[in-house]
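I have placed the structure first, in the form of structure tokens, so that the comments after it can refer back to it.
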Amino acid sequence: MQWLKESEYLLNPPKTKRGWDTLEKICKAAEREFSEKGFSNVSVVDITQSAQIAAGTFYIYFDSKLAMYKYLLKSYYHDIRMNIQKQVEGVSSREEQEAIGLRYWFDYVDKHHFVFNIAWESFFIDKELFDEYYTSFGQAYSSRLQRAQENGEVRDIDLEVLSFSLIGISNFLALHWVVFKKKNHYDYVRDEAMKLLREGMFINHK
């Protein structure tokens, strides 16, 4: 499954800094509105008023509220993946990559409180969209885990099962400690989770 890039949902991708700034204002306003009111209760007028732009400006970039929503969702996907890849660049150990990625994810959720509200509402807007969102993460995860498995770092486990297990762990740890508890115990939680992964998925060569 290959997702469209975020730009595929834009009618007219910005060509100037001013255009990108305006698009960013629209996205931030849409995040707030969708998160606080829910997708079905938000109108394009709500978004443009929150962004303090003319209503017609919205339609320079998007042909509908749904296109705007899909753009946000795909932006989350690409932003999360790109930044985790940057964090683990040059790190050869899969175990260390998992630890770094999990810690980054906690920080990301801490700074982007809307990500769960918006991503999980896609299940009710369009189940296929929700499935594509997590399946895309799962496929990217599996390809990296396969290399680690071939290198003798990861046990002989079905990689699709393993990928979705890891996605579930990271999501619910972030929900519990970052979203609900709102306590910065991120290093501790990461270290405790790594104990589970170390004994469950990694091959100990010592």
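The values are calculated or read from the model by the stated rules, or taken from the named source; none is laboratory data. This is a predicted model, so every value here is computed, not measured. Note: ideal-geometry Cβ built from the backbone for every residue, glycine included; neighbour counts use all protein chains shown.
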* Subset of segment 139-155 [surrounded by fewer than 19 Cβ atoms within 10 Å (Cβ to Cβ) and either farther than 25 Å from F116 by Cα or touching a Cys at 6+ places or on another chain (Cβ under 9 Å) (or both)] -> Q146, R147, E150, N151, G152, E153, R155
* Asked: Could we say that E33 is modelled with pLDDT of 95 or more, part of a helix (DSSP H, G or I) and over 16 Å from the mean Cα position of the chain (by Cα) here?
  -> yes
* Condition test on W105, is it hydrophobic (A, V, I, L, M, F, W, C), part of a helix (DSSP H, G or I) and without any contact (Cβ under 8 Å) to a residue 12 or more places away in the chain? -> no
* To do: Looking at (1) at pLDDT below 95; (2) within 17 Å of W20 (Cβ to Cβ); (3) not in a helix (DSSP H, G or I), find the lone condition where I53 falls short.
  => (1)
* In segment 111-138, how many are assigned to a helix (DSSP H, G or I) and surrounded by 15 or more Cβ atoms within 10 Å (Cβ to Cβ)? -> 17
* Taking S165, is it closer than 29 Å to A67 by Cβ, of a type in the set (G, A, S) and assigned to a helix (DSSP H, G or I)? -> no
* Asked: Which condition breaks for L162 when tested against (1) in the same structural domain as D191 (by TED's automatic domain parsing); (2) out of contact with any Phe, Trp or Tyr (no Cβ under 7 Å at 6 or more places or on another chain); (3) crowded, with 19+ Cβ neighbours inside 10 Å; (4) under 30 Å from N41 (Cα atoms)?
  -> (4)
* Give the residue that is farthest from V154 (Cα to Cα), with candidates limited to residues of segment 61-110 that are acidic (D, E) and surrounded by fewer than 19 Cβ atoms within 10 Å (Cβ to Cβ). => D63
* **Lone qualifier among I84, I60, I47 - being aliphatic (A, V, I, L, M), within 30 Å of F202 (Cα to Cα) and assigned to a helix (DSSP H, G or I)** => I84
